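These notes concern the structure reproduced below.
The values are calculated or read from the model by the stated rules, or taken from the named source; none is laboratory data. Owing to the predicted nature of the structure, the values given are computational and were not obtained by experimental measurement. Counting neighbours? That spans all protein chains shown, and the Cβs are built from the backbone with ideal geometry, glycine included. Each accessible area value is taken on the protein alone, full model and side chains, heavy atoms only, with ligands, DNA and RNA left out. Shrake-Rupley method; radii C 1.70, N 1.55, O 1.52, S 1.80 Å.
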2 protein chains.
Amino acid sequence: MNQITEQMLNHTSIRKYTDEPITQEQVDTIVQCAQMASTSSHFQAYSIIEVRDPAKREVLKECSGGQKWTVTAPLVLLFCADLHRSGKYFDGIDKDVLTNTECYTVAVIDAALAAQNAFTATESMGLGGVIVGGIRNDVQKLIDTFQLPEQVAPLFALCLGHPDDNPGLKPRLPQAIVHKIDTYTEDGNDEMMEEYNARVKDYYTERTRGKNTNTWSQQCGQLMMAKTRDEVGFVLRKNGFLGR
Amino acid sequence: MNQITEQMLNHTSIRKYTDEPITQEQVDTIVQCAQMASTSSHFQAYSIIEVRDPAKREVLKECSGGQKWTVTAPLVLLFCADLHRSGKYFDGIDKDVLTNTECYTVAVIDAALAAQNAFTATESMGLGGVIVGGIRNDVQKLIDTFQLPEQVAPLFALCLGHPDDNPGLKPRLPQAIVHKIDTYTEDGNDEMMEEYNARVKDYYTERTRGKNTNTWSQQCGQLMMAKTRDEVGFVLRKNGFLGR
């Protein structure tokens, strides 16, 4: 265990922040760290929009179904998959290529790798935050609000600030379910899942003082079915992604 | 600057490794750190396959167009988007929902966030590595080789080991092109891109002793058009992703 792995193993989402601002120097370092993440073929197929405008913060809140930390966090970074820049600046590009599934995959991976670096850098400064993917409830509204051109897709908002909360660690899936050797096997998964579901039920029960007694299977099933976001595909296709 | 941001700002891809193995304890910590990354609605929609079998390492090499570090790296982790587990264990799931663009996006983001944590954790141990997305040249072969069930998609291989190389830092895009405030503007991009292209040309020229004198625009255009991977979409759709 070292300082970095210790920090990672103690990661938890922070949704309440003190009034202390994040300095411009910190913001610059966070973005620099994001940019130093690995990127597919050095394409760097993402953009980061820092959301300062209170009216646009309200849009994020509205799109995310009322997640108020999109408004209250001192720093909010909207990560976007960006193939628009590729279309504009890559020499000899057949723009139709950018509409394929591979290019969307590249851009989403690039954006997420950068975001996780940004997040880890932020935590190393004693700050904390949460990733809000719920803004994808209304992708079209985000495209309009942030004036995203064709082939730029809003993915999630990283909300950051000085922690005013300590929600404790959330239990992850048993390692043996996630980490396999050489082959995708499912041996023993049912038993491990039963144990994990009981552990998550205890976690929610304790954290909500009995208001939520869901297992992992129940919680995830409810969340996924509550917002299926079927229109994400429609809007992204309209905006030049995933044509094939 | 602290230890973590300093490490990130000095990140570079390592493709040559000493013979020193990565210990099982290190592997476990790396995977634990991956698992502690943020995840959409706690879905944890990814799986990690550690590739030990030399024959399967050869498949990775073949699929990636001969990237030999997929064979020579002491540790290779294949990151997969995984909605199969969601379909199996989420209560009350309409499996058709899992075929939408939103769910694919969730799973790719989850996998990449976890991978970047794994990578950063590895680097904190004095190790290094490289992410190989080139394996997506033959997604079907990967699905067959690792026996991936429906709704599991191979994304990239993280190749890790003790560094036997120091390739130096690769210049990233000007921060002002990637980092915008409140609105997606392109003001000044052409000028910044011109300066950046010159800088990248110098980087490649020096690094390859004049064999490659590409600008960023040239290099990226050539790489993207050389392997358009149009079949990724076809194979993923066949495997239960991105139906709509």
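Beta carbons closer than 8 Å, at least 6 apart along the sequence or on distinct chains, pair a first residue in the stretch A:63-85 that is part of a strand (DSSP E or B) with a second that is charged (D, E, K, R) and surrounded by 19 or more Cβ atoms within 10 Å (Cβ to Cβ) for A:VAL76/A:ARG57; A:ALA81/A:ASP110. Cβ-Cβ distances below 9 Å connect the following pairs, each with a first residue in the stretch A:31-48 that is free of Cβ contacts under 8 Å to residues at least 24 places away in the same chain and of a type outside the set (S, T, N, Q), a second residue that is outside any helix (DSSP H, G or I) and open to solvent by 10 Å² or more (accessible area, probe 1.4 Å), and a separation of six or more residues or different chains: A:HIS42/B:LYS170; A:HIS42/B:ARG172. Can you pull out the residues in the stretch B:1-47 that are acidic (Asp, Glu) and open to solvent by less than 60 Å² (accessible area, probe 1.4 Å)? Answer for the stretch B:1-47, where residues must be acidic (Asp, Glu) and open to solvent by less than 60 Å² (accessible area, probe 1.4 Å): just B:ASP28. Report yes if some residue within the stretch A:108-126 is touching a His at 6+ places or on another chain (Cβ under 8 Å) and among the hydrophobic types (A, V, I, L, M, F, W, C); otherwise report no. For the stretch A:108-126, residues touching a His at 6+ places or on another chain (Cβ under 8 Å) and among the hydrophobic types (A, V, I, L, M, F, W, C): absent. All conditions but one from (1) over 19 Å from the mean Cα position of the chain (by Cα); (2) open to solvent by 60 Å² or more (accessible area, probe 1.4 Å); (3) in contact (Cβ under 8 Å) with a residue 40 or more places away in the chain apply to B:ARG199; the one that does not is (3).
Applying the set (1) outside any helix (DSSP H, G or I); (2) buried (at least 20 other Cβ atoms within 10 Å of the Cβ); (3) within 8 Å of chain B (Cβ to nearest Cβ) to A:GLY92 leaves exactly one unmet item: (2). State yes or no: is B:GLY210 part of a loop (DSSP other than H, G, I, E, B) and more than 12 Å from every other protein chain (Cβ to nearest Cβ)? In short, yes. The single residue among A:VAL51, A:VAL108, A:VAL76, A:VAL97 that is out of contact with any strand residue (DSSP E or B) (no Cβ under 6 Å at 6 or more places or on another chain) and at pLDDT 95 or above turns out to be A:VAL97. Of all positions in the stretch B:220-230, at least one carries a residue that is closer than 26 Å to B:ASN137 by Cβ, among the small types (Gly, Ala, Ser), outside the structural domain of B:GLY129 (by TED's automatic domain parsing) and surrounded by 14 or more Cβ atoms within 10 Å (Cβ to Cβ). Restricting the search to strands (runs of 3 or more DSSP E) fully inside the stretch B:127-191 and requiring at least 2 residues that are within 8 Å of chain A (Cβ to nearest Cβ) and β-branched (Val, Ile, Thr) gives B:128-132. Within the stretch A:146-164, does at least one residue satisfy the condition of being more than 19 Å from A:THR215 (Cβ to Cβ), in contact (Cβ under 8 Å) with a residue 12 or more places away in the chain and either hydroxyl-bearing (Ser, Thr, Tyr) or outside the structural domain of A:ARG52 (by TED's automatic domain parsing) (or both)? Looking through the stretch A:146-164, none of the residues is more than 19 Å from A:THR215 (Cβ to Cβ), in contact (Cβ under 8 Å) with a residue 12 or more places away in the chain and either hydroxyl-bearing (Ser, Thr, Tyr) or outside the structural domain of A:ARG52 (by TED's automatic domain parsing) (or both). Look at (1) over 29 Å from A:PHE156 (Cβ atoms); (2) outside any helix (DSSP H, G or I); (3) of a type in the set (S, T, N, Q) and you find that B:THR12 fails only one, number (1). All conditions but one from (1) over 15 Å from A:TYR46 (Cβ atoms); (2) crowded, with 24+ Cβ neighbours inside 10 Å apply to A:VAL106; the one that does not is (1).
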